[in-house]
Amino acid sequence: KTANDEFAAAQKLCPNDPRLEYAMGLALWNHGRRDEAVRWFDISARLDGGMPPFLPAAQAAAWSRLVIGERDAGLRQVVLTARALGQSRGDYPTQIQREHSALFLGRATGYLSGPGFSIETAELDKRSLDEIASLIPTDLKPLFDKGHGQIVERHQE
C-alpha cells in the first residue's frame, strides 16, 4: 500500500479529522515535496471559517512558507494564525494548542522582526506584526512574549 492508499482509508474512517491532512503534509515535507506539503497544511488548518481551526497545521503552513522563501505569504499566514487564535473559543482548539500557538507566534514575530527582517517591506511588516501582537489573548501574552524573546536573544548571539 502507498501513503495515498493509507490516507484514503483513514479518511473514510475519520473524514473530519484535520490531523490526517496534517500528517500527510508532514510526510510530504519529510520527503522533500515542500509545495505539496504546504497545500496539505493549508487544508488541515481550516482557516476558512467553516470548521474550528487546527492550529498546529496553521503554524506549519506559516513556518513552511517562511522556510521555502515565501516570506510575504508566510507573514500573511502568521497573521491568519493569530486571528484564528484570537477568535478561538470553547474547548477546541485545546488549551495546549492555544499555548503552543502563542509561543509559535511570538517566535515567528521575533524571526520576522529580526533575522527575517526585510527593509523592502518594513512598513507593511510593522503593521502586520502590531496586528499579530494585538490579537494574542491576554492569558497567552506571556507565552507570546517568551517566544519573541527567545528569537531576539538567539539573533543577538
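Values for this structure:
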read-out	value
Yes/no for SER128 being crowded, with 16+ Cβ neighbours inside 10 Å and of a type in the set (Gly, Ala, Ser)	yes
From the options THR121, THR81, residue that is open to solvent by less than 60 Å² (accessible area, probe 1.4 Å), among the hydroxyl-bearing types (Ser, Thr, Tyr), out of contact with any strand residue (DSSP E or B) (no Cβ under 7 Å at 6 or more places or on another chain) and modelled with pLDDT under 95	THR121
Members of the stretch 105-118 that are open to solvent by less than 30 Å² (accessible area, probe 1.4 Å) and closer than 17 Å to LEU143 by Cβ	LEU105, GLY106, ALA108, THR109, GLY110
Verdict on THR138 being touching a Phe, Trp or Tyr at 6+ places or on another chain (Cβ under 9 Å), polar (S, T, N, Q) and either without any contact (Cβ under 8 Å) to a residue 12 or more places away in the chain or open to solvent by less than 80 Å² (accessible area, probe 1.4 Å) (or both)	no
Output for the stretch 1-38, where each listed residue is of a type outside the set (Gly, Ala, Ser) and closer than 14 Å to ALA61 by Cβ	PRO18, GLU21, TYR22, MET24, LEU26, LEU28, TRP29, ARG34, ASP35, GLU36, VAL38
Residue match in the stretch 91-108 (condition: part of a loop (DSSP other than H, G, I, E, B) and either small (Gly, Ala, Ser) or in contact with a strand residue (DSSP E or B) (Cβ under 8 Å, 6 or more places away or on another chain) (or both))	no
Failed item, numbered, when GLY90 is tested on (1) in contact with a Phe, Trp or Tyr (Cβ under 6 Å, 6 or more places away or on another chain); (2) at pLDDT below 95	(1)
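The values are calculated or read from the model by the stated rules, or taken from the named source; none is laboratory data. None of the values given here were measured: they were computed from a predicted structure. All Cβ positions, glycine included, derive from the backbone under ideal geometry; neighbour counts span all protein chains shown. Ligands, DNA and RNA are stripped out before the accessible areas are found, and what is left, the full protein with its side chains, is counted by its heavy atoms. Shrake-Rupley method; radii C 1.70, N 1.55, O 1.52, S 1.80 Å.
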